[in-house]
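I have placed the structure first, in the form of structure tokens, so that the comments after it can refer back to it.
Nothing in this text is a laboratory measurement; each read-out follows from the coordinates by a stated rule. Nothing here was measured: the structure is a model prediction, and the numbers come from that model. Here the Cβ positions follow ideal geometry from the backbone for every residue, glycine too, while neighbour counts run over all protein chains shown.
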Amino acid sequence: MELGDRPRLRVLSDHFALLEDDREPWRVAHPLPEVLLLVVCGTIGACDDFDEIVERGEDNLDFLRRFLPYHHGLPSTRWLRILMNRIDAELFSEIFVSWATALRPEAPALVALDGKTSRGSLDRGGGRAALHLVSAFATRERLVIGQEAVADGGSGQATILSLLERLAGKGRLDGALVTIDAVACNAATARRILDAGADYCLAVEPNQPGLLREIETFLDDAPAERLSIDQAVDKGHGRVEERRVLVSTEVDWLDGDRRFPGEYRFPGLAAIARVETTIFEKGRESRQARHYVSSRPLDAAAFGEAIRAHWQIENALHWVLDVTFKEDAAKTRSPNGPKNMAVVRHFALDLVRAAADDRSMKLRRKKAHRDPGYLARILNA
């Protein structure tokens with residue numbers, strides 16, 4: 001499904017209609033598309049819990065009825081919480097990926113994967129761990145294109161592989177460079193990314209001392225003329241950051257005869273790199289060096305750009321969710337509720353960001369709260 005000239009709201013409603021509702025039809029007073037439109041509009045409009053969403057919805061019921069009938073009005077806060085918990089979280093995530101594809105059909109050039117824990121979802125009394133969600137973020141477009149929750153007792157590695165498979169099934173990784181932090185630096189992740197028609201750039205983990213030591217030694221000993229090297233300096237707000245990137249495409253030695261059991265092998269390996277960062281701030285100096293393996297033979301400047309783009313997921317996604325959408329303060333603690341509300345925030349974030357103007361995300365949400373016309377513009381209704 002391609003968006004074309006179709007309003008964002010119509011595409012959103014079409015995807016909400018795909019959700020399965022296991023209630024008997026004659027007992028359905030509040031259809032799921034109505035429930036989700038209420039929750040998404042409330043979340044766009046700076047509502048951070050179910051009480052605020054219902055109260056705002058009651059004040060703007062005429063606006064909601066422009067798009068769906070709401071014959072029985074709105075659910076109470078209690079029923080809204082119950083209904084959001086009844087939604088199949090896995091199917092809801094799948095619908096989000098499909099909707100994000102319709103919103104922007106072309107595959108992004110750079111995709112960053114990273115995890116985030118929603119601290120407010122921790123339920124000590126119920127023995128339920130806090131929700132940890134792995135998100136895929138198109139860094140240039142600054143849009144979420146998918147997410148996957150870590151299952152109870154599951155691993156981040158398995159979740160990353162599942163998310164990559166979900167995105168590949170929608171063609172969302174065709175030709176992309178996929179960047180992942182150290183948790184997924186292994187052959188299985190590399191192979192899954194290559195099979196999706198993309199390239200990988202993976203941070204080498206400190207708990208991979210053999211691989212890390214070999215890459216460090218090679219880059220330390222290699223003559224400068226055999227490396228691609230780029231240096232840059234950023235200054236601002238009393239802070240100076242110096243970056244030096246070294247890249248080698250001489251990687252055949254990493255794929256030679258096996259030298260010890262369990263030696264790391266990366267399919268399609270084309271480059272290794274080091275990113276050295278020195279920060280001067282408030283009279284203090286800090287240094288850090290990170291190492292990477294990649295299937296794309298980038299030069300040092302392009303490699304440095306890809307790594308800087310990866311960290312946009314911290315500022316343009318995680319920080320926005322925590323500070324603007326107050327995700328860590330959300331106290332939803334039912335089995336599916338935290339997962340589904342995390343997806344709702346991704347719907348809202350992408351919609352607010354797609355309706356670009358000069359306002360900050362915070363001010364756009366506040367204006368959407370008080371101005372139904374502006375909310376309609378965000379929905380492209």
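Summary table below
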{"read-out": "Pairs of lysines in the chain (C-alpha under 29 Å apart; 8 or more residues apart or interchain)", "value": "22"}
{"read-out": "Cα point-scatterer Debye curve for the stretch 106-317, base-10 log of I(q)/I(0) at q = 0.09, 0.15, 0.17 Å⁻¹", "value": "-0.39, -1.03, -1.24"}
{"read-out": "Cα-centre dipole for the stretch 236-319 with unit charges at Cβ (Lys and Arg positive, Asp and Glu negative), debye to 20", "value": "260 debye"}
{"read-out": "Average projection area in nm² (convex hull over Cα atoms of the chain, one quarter of hull surface)", "value": "21.7 nm²"}
{"read-out": "222 nm mean residue ellipticity, helices alone, for the chain (DSSP H n ≥ 4; -39,500 (n - 2.57); rounded to 500)", "value": "-11500 deg cm²/dmol"}
{"read-out": "Relative exposure of TRP253, TRP99, judged by other C-beta atoms within 10 Å (fewest first)", "value": "TRP253, TRP99"}
{"read-out": "Relative contact order computed over the chain (Cα-Cα under 8 Å; 6+ residues apart), in percent", "value": "21 percent"}
{"read-out": "Angstrom value of the Kirkwood radius, inverse mean 1/r, which spans all Cα pairs in the stretch 146-249", "value": "16.3 Å"}
{"read-out": "Ranked packing of 214-220, 42-48, 338-344, most packed first, by mean Cβ within 10 Å", "value": "338-344, 42-48, 214-220"}
{"read-out": "Sparse-neighbourhood loop sites, trypsin sites (Lys or Arg not before Pro) in the stretch 39-114 - DSSP loop, at most 13 other Cβ within 10 angstrom", "value": "ARG65, ARG66"}
{"read-out": "Directionally averaged shadow of the stretch 185-240, computed from the convex hull of its alpha-carbon atoms, nm²", "value": "6.7 nm²"}
{"read-out": "Semi-axes of the equivalent ellipsoid for the stretch 220-354, Cα gyration tensor, largest first, Å", "value": "36, 24, 14"}
{"read-out": "Mean separation of Cα contacts under 8 Å (6+ apart) over length of the stretch 152-247, as relative contact order %", "value": "19 percent"}
{"read-out": "P(r) of the stretch 158-197 over all Cα-Cα pairs, binned every 5 Å from zero, in whole percent", "value": "5, 26, 40, 23, 6, 0"}
{"read-out": "Efficiency of FRET from Cβ geometry, TRP26 and ASP62, R₀ 22 Å, rounded to 0.05", "value": "0.20"}
{"read-out": "Estimated FRET transfer efficiency (LYS282, ARG140; beta-carbon r; R0 35 Å; 0.05)", "value": "0.60"}
{"read-out": "Cα extents of the stretch 52-186 along the three principal axes, largest first (Å)", "value": "52, 41, 21"}
{"read-out": "FRET efficiency estimate (nearest 0.05) - Cβ-Cβ, ASN207 to ILE82, R0 35 angstrom", "value": "0.25"}
{"read-out": "Euclidean distance between Cα centres, the stretch 332-381 to the stretch 1-76, Å", "value": "13 Å"}
{"read-out": "Scaled radius of gyration (Cα, divided by 2.2 N^0.38 Å) that the stretch 1-60 gives", "value": "1.28"}
{"read-out": "For the stretch 106-317: relative contact order, % (alpha-carbon pairs under 8 angstrom, 6 or more apart)", "value": "19 percent"}
